[in-house]
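Structure first, commentary second.
Just so you know, all these numbers are worked out from the coordinates, no wet-lab data involved. Since we're looking at a predicted model, the values are computed, not measured. Because the Cβ atoms are built from the backbone with ideal geometry, glycine has one as well, and the counts that use them run over all protein chains shown.
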Amino acid sequence: MDTLAIVVLNYNGLPFLRRFLPALLAQADGHPVYVADNASTDGSVSWLRLQFPAVRVIQLETNNGYAGGYNQALERVRSEYGGATYYALVNSDIEVTPNWIAPVLQLLEGDSAIAACQPKIRSEQQRESFEYAGAAGGYLDYLGYAFCRGRVFDVLEPDTGQYDDNRPVFWATGACLFVRATVFHETGGFDSAFFAHMEEIDWCWRVQRLGYSVWTCGQSTVYHVGGGTLHKSNPHKTLLNHRNSLYMLYKNWPADGWFLSKVFMRLVFDGLSSVLYLAAGQWGDIGAVLKAHGAFYGHLPTLNKQRRQLKQQEKQRANLYERSLVWQYFGKGHRRFSQLDK
């Protein structure tokens with residue numbers, strides 16, 4: 001069994017493979033590199049086999065998104081190649097740097113309760129700045145709004161070393177995510193119903209409920225293009241973000257007296273976001289929010305079953321940020337993580 005398996009999930013990402021795979025192979029520290037292809041149609045697989053025969057290619061028959069794609073790929077790494085102690089899930093639009101692996105492995109090997117860990121994520125375009133998808137480790141407020149050390153809503157901080165420490169966080173980004181293989185398989189991996197977006201936050205929440213922790217490693221840095229597969233202006237991304245947020249929250253929110261009130265509030269806030277889309281003439285995004293709510297209501301029987309199962313398995317409550325990020329940002333004008341009320 002390998003210590004680490006580096007697994008890149010690819011879907012029609014040939015330009016990114018050409019650009020970033022050589023550096024990934026050069027900085028793999030001797031660990032095997034897999035490319036799991038999500039039924040690409042751009043010639044990615046044939047190019048890989050010709051140019052990089054040492055890369056282990058896993059061909060998936062259909063595009064199952066990030067969640068289903070990685071679930072299938074990592075199961076095949078385990079069954080066909082003997083598996084690994086840890087997996088590094090790396091987006092095809094990630095640029096790695098020297099020594100990006102060793103500090104993370106040192107953290108994971110030093111504490112068996114750590115289920116996942118991420119490096120710092122900086123922008124490939126604005127290289128001194130943190131990148132939206134993960135920055136230096138993520139959190140979730142009590143209404144389910146995600147933010148990061150280094151990123152609050154759309155405000156991105158420059159990386160001046162302020163988050164170079166190692167510490168527990170609420171969620172680690174799927175853009176470059178190290179996971180403990182036993183925990184990943186124990187939990188059944190990502191929720192495939194998510195397809196893409198927020199599945200890693202859902203998984204991080206679930207593993208914390210089982211008694212594990214999630215960390216960020218400030219001694220490791222990678223660069224992320226962001227939006228390489230699905231740009232943030234695409235209404236389909238709006239659909240996935242709104243729908244998956246509701247899925248995740250309904251499954252995992254604590255069963256306190258505010259549970260249903262929180263669900264109602266999130267639905268209302270989604271409606272308010274539609275007003276903003278209307279003002280901007282973004283009709284596709286309005287339709288995406290409506291479709292997201294329809295999918296949520298249709299998925300409620302499954303969500304209720306998952307919610308009961310997760311409650312039965314729960315060993316500890318994961319700690320949400322017990323304030324409103326919306327109020328912190330819009331009401332108080334707090335734009336940086338360090339300014340948020342603790």
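Just a few scattered comments:
- Length added when fully stretched, ALA113-VAL57, from 0.36 nm per residue minus Cα-Cα: 17.1 nm
- Here the residues VAL225, VAL326, ranked from fewest to most Cβ neighbours within 10 Å of their Cβ, fall in the order VAL326, VAL225.
- Helix 65-81 vs. the chain, principal-axis angle (Cα, 0 to 90°, nearest 10): 40
- Cα-based Rg / Dmax (Å) for the stretch 235-339: 15.6, 46
- Positive-end residue, the stretch 1-157 charge dipole about Cα centroid, Cβ charges, pick of GLN106, VAL33, LEU156: VAL33
- Note on the chain: helix-only mean residue ellipticity at 222 nm, from DSSP H runs of 4+ residues weighted -39500 (n - 2.57) and normalised by residue number, equals -12500 deg cm²/dmol.
- Across the stretch 235-339, Cα pairs under 8 Å and at least six residues apart give a relative contact order of 37 percent.
- In terms of the mean number of neighbouring beta-carbon atoms within 10 Å, the peptides 177-185, 73-81 order highest first as 177-185, 73-81.
- Total lysine pairs whose alpha carbons fall under 24 Å of each other in the chain (8 or more apart, or interchain): 21
- Of interest is the spacing of the C-alpha centroids, which for the stretch 1-52 and the stretch 250-319 amounts to 35 Å.
- Protection proxy ranking, highest mean first, for peptides 119-128, 46-55: 119-128, 46-55, where packing is the per-residue count of other beta-carbon atoms within 10 Å, averaged.
- Rel. contact order, % - alpha carbon contacts under 8 angstrom, at least six apart, the stretch 2-224: 25
- Simple Cβ-charge dipole of the stretch 127-172, Lys/Arg +1 and Asp/Glu -1, about Cα centre, in debye nearest 20: 120
- Each Cα pair under 8 Å and six or more residues apart adds its sequence gap; the mean of these over the residue count of the stretch 1-103 is a relative contact order of 43 percent.
- Assigned charges on the beta-carbon of Lys, Arg, Asp, Glu; the stretch 235-339 dipole about Cα centre (debye): 340
- Sorted by Cβ neighbour density within 10 Å, fewest at the top, the residues THR85, THR41: THR41, THR85
- Magnitude of the charge dipole, the stretch 2-224, Cβ model with Lys/Arg +1 and Asp/Glu -1, debye to 20: 240
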